[in-house]
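The structure under discussion appears below in the form of structure tokens.
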Amino acid sequence: MLSHHELATLLLFRDATLRFEEFDPDVLALCRYELVEVRRRDHRGSTLELTTRGRDLLRRLHLDGRDALQ
């Protein structure tokens, strides 16, 4: 079960124009649940993205940013 902090972090990934710290405890938990993954590491930092599983969870919770009437 996700904590409220982990769920809030997952929602931030949905609208991700922000950069996240790969070693943030909430991000680590989301990686462990396979909801978020590290896509690339370079000199500027890591690129983190929602996985298919993460997008599916947001869709099931009707928190995917789309109109619920679709």
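The values are calculated or read from the model by the stated rules, or taken from the named source; none is laboratory data. Just so you know, these numbers come straight off a predicted model, no measurement behind them. Here Cβ is always computed from backbone atoms with ideal geometry, including for glycine, and neighbour counts include all displayed protein chains.
Of all residue pairs spaced 6 or more apart or on separate chains, those with beta-carbon atoms under 6 Å, a first member in segment 52-69 that is in a loop (DSSP other than H, G, I, E, B) and a second member that is surrounded by fewer than 10 Cβ atoms within 10 Å (Cβ to Cβ) and at pLDDT below 90 are H62/A68.
The set of residues in segment 26-47 that are modelled with pLDDT under 85 and either closer than 16 Å to L63 by Cβ or not polar (S, T, N, Q) (or both) comprises V38, R39, R40, R41, D42, H43, R44, G45.
For segment 3-25, give me the residue count where each residue is within 16 Å of L63 (Cβ to Cβ) and buried (at least 16 other Cβ atoms within 10 Å of the Cβ).
Within segment 3-25, residues that are within 16 Å of L63 (Cβ to Cβ) and buried (at least 16 other Cβ atoms within 10 Å of the Cβ) number 5.
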